[in-house]
Amino acid sequence: MAAPSESKSLISVDRQALLTELGKERLIEMLEQMLLIRNFEIRAEEAYRHGKVGGFLHVYSGQEAIAVGAAAALGPNDWWVGTYRCHAYALLLGATPQEVMAELFGRATGNALGRGGSMHLYTDRLLGGFGIVGGHLPIACGAAFSAKYRGSDEITICFLGDGAVAQGAFHEALNLAALWNLPVLFVIENNQWGMGTAVERAIAAEPMAERQAYSYGINGYSCDGMDLLTTYGAFKQLRAEVVETSRPVIVEMVVQRFRGHSVSDPGLYRTKEELQEIMQRDPLVLLSQELQQQKWLDSDQYKAMNRKARQIALDSMEYADNQPWPDVATLEEGVFAP
Ligand SMILES: Cc1ncc(C[n+]2csc(CCOP(=O)(O)OP(=O)(O)O)c2C)c(N)n1
Ligand SMILES: [Mg+2]
């Protein structure tokens, strides 16, 4: 294995082949998913400001092409493990906007019965959003070990932030996954910031996936995380590599977050101009432009799709507001050590 170079070389995909493979309908569906995530989170932030949401709230705005691309490329039985920035994963894996909003509102009919809030969402295949930076990587190794032990070809996809690369658990998990040949795809969503700390002030070696992978004898890649065709194509290739080699793989998705770290972050560490500049590559706009070039979409249709997603998000707020609070008598249910 040759030592990695110090510059990133991004995964490239055959756009024309992917456009043909996915076709109009599927790509429109994927744009719909991105619009739903964006609109859901705009309303979640609004609800937070109105005091309706307890705990923390971290939105995914700017990063949508990553989760949507992964959801389209992965198998229905693959396992997902994510961070607290997890609304998109849950919505893509079948949690309804109503149950996710009800969870944010702390209601009994919420996705985690009102006990988890925004950071802890689940579906059959989503083992959770986790709040401890890096703490979920060993859990992904456990899921992958289980799949391997059962002889299935399910893989585990584990999303982490750039901040997690500096954590001990990241290195322990990579070592174990490499040592035991675990089928895990580690996805660093490098949104350039860990709270208000710029990535170059926190992570010593660049490009981070390639360099860390080299230490553990596995393959590492970098990829543009803003462009849906690219993320989809990359995730397909990477999943196939994990299945064929039965080895862990790590990829850095280079992305930008458009909002603060959480709702309570005023984002004073970057200028309005910087933000405007990075928003030029809004993943929703990039995909809608691509579809318009193909003549598969026009701007009126895009506006109508956005209105529809907005209405779903508004309806989920109304639903959540009318849901019952958890009964205090059930407080100790589901607790290991009451
Ligand atoms: C072990 C641990 N240390 C500190 C924190 C506080 N904390 C929450 S999010 C965060 C930044 C993480 O940044 P990154 O991994 O890049 O993810 P992002 O929020 O950018 O998606 C920190 C330090 C935590 N949750 N867990
Ligand atoms: Mg980050």
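Please treat every number below as a calculation from the coordinates, not as lab data. Small disclaimer: the values here were computed from a predicted structure and weren't measured. No Cβ is skipped: glycine too gets one built from the backbone with ideal geometry, and neighbour counts run over all protein chains shown.
Laid out as a table, the results:
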read-out: Distance histogram for the range 63-112 (every C-alpha pair counted, 10 angstrom bins, percent rounded to whole numbers); value: 24, 52, 22, 2
read-out: Whole-number D in µm² s⁻¹ for the range 162-304, Kirkwood Cα-pair radius fed into Stokes-Einstein, 10 °C, 1.306 mPa s; value: 93 µm²/s
read-out: Approximate spin-label separation THR245-ASN175, in nm, with each point projected 7 Å along Cα-to-Cβ; value: 2.1 nm
read-out: Scattering profile of the range 206-251 at q = 0.15, 0.29 Å⁻¹ [log10 I(q)/I(0), Debye over alpha-carbon scatterers]; value: -0.38, -1.03
read-out: Ranked packing of 321-327, 212-218, 107-113, 157-163, most packed first, by mean Cβ within 10 Å; value: 157-163, 107-113, 212-218, 321-327
read-out: Per-selection Kirkwood Rh - the range 180-224 (Cα, Å, 1 d.p.); value: 11.8 Å
read-out: Percent breakdown of C-alpha pair distances by 5 Å bin, ordered from the shortest bin, for the range 213-287; value: 3, 13, 18, 16, 15, 13, 11, 8, 2, 0
read-out: Loop trypsin sites (Lys or Arg not before Pro), the range 255-295 (other Cβ atoms within 10 Å of the site Cβ: 16 or fewer; DSSP); value: ARG270, LYS295
read-out: Computed over the range 176-305: relative contact order in percent, which uses C-alpha pairs under 8 Å that are six or more apart; value: 30 percent
read-out: Using a Förster distance of 41 Å, the FRET efficiency for TYR269-TYR149 (Cβ separation, nearest 0.05); value: 0.35
read-out: Cα-Cα separations in the range 177-259 greater than 19 Å, expressed as whole percent; value: 40 percent
read-out: Listed residues GLN212, MET226, LEU174: farthest to the positive end of the dipole of the range 150-258 (Cβ charges); value: LEU174
read-out: Value of Rg/Rh across the range 139-232 [Cα atoms, Kirkwood radius]; value: 0.98
read-out: Size-normalised alpha-carbon gyration radius of the range 1-46, reference 2.2 N^0.38 Å; value: 1.86
read-out: Net charge contributed by nearby residues that have their C-beta within less than 14 Å of GLY51 (K/R +1, D/E -1); value: -1
read-out: Cα gyration tensor of the range 33-125 - equivalent ellipsoid semi-axes, whole Å, descending; value: 21, 15, 10
read-out: Debye intensity ratio in log₁₀ form over the Cα atoms of the chain, taken at each q of 0.09 Å⁻¹; value: -0.47
read-out: Counting DSSP beta bridges with both ends in the range 114-200, the antiparallel % (nearest 5); value: 25 percent
read-out: Cα lying deepest toward the dipole's positive end in the range 26-96, options ALA70, GLY54, ALA90, charges on Cβ; value: GLY54
read-out: Neighbourhood net charge (10 Å Cβ-Cβ; Lys/Arg +1, Asp/Glu -1) for ILE42; value: +1
read-out: Residue-count net charge about MET30 - beta-carbon cut-off 14 Å; Lys, Arg +1, Asp, Glu -1; value: -3
read-out: Cα pair distances of the range 156-199 binned at 10 Å [whole percent]; value: 27, 50, 20, 3
read-out: Ranked by how many other beta carbons lie within 10 Å on average, peptides 185-191, 22-28 from highest; value: 185-191, 22-28
read-out: Translational diffusion of the range 130-175, µm² s⁻¹ [Kirkwood Rh, Cα pairs; Stokes-Einstein; 25 °C; 0.890 mPa s]; value: 222 µm²/s
read-out: Spatially proximal lysines relative to LYS148 (Cα-Cα < 19 Å; intrachain offsets below 8 disregarded); value: none
read-out: Fraction of antiparallel bridges per DSSP, the chain only, in percent to nearest 5; value: 5 percent
read-out: Calculated Rg and Dmax of the range 271-337 using C-alpha coordinates, Å; value: 20.8, 58
read-out: Charge dipole magnitude, Cβ of K and R +1, D and E -1 - the chain, Cα centre, debye nearest 20; value: 120 debye
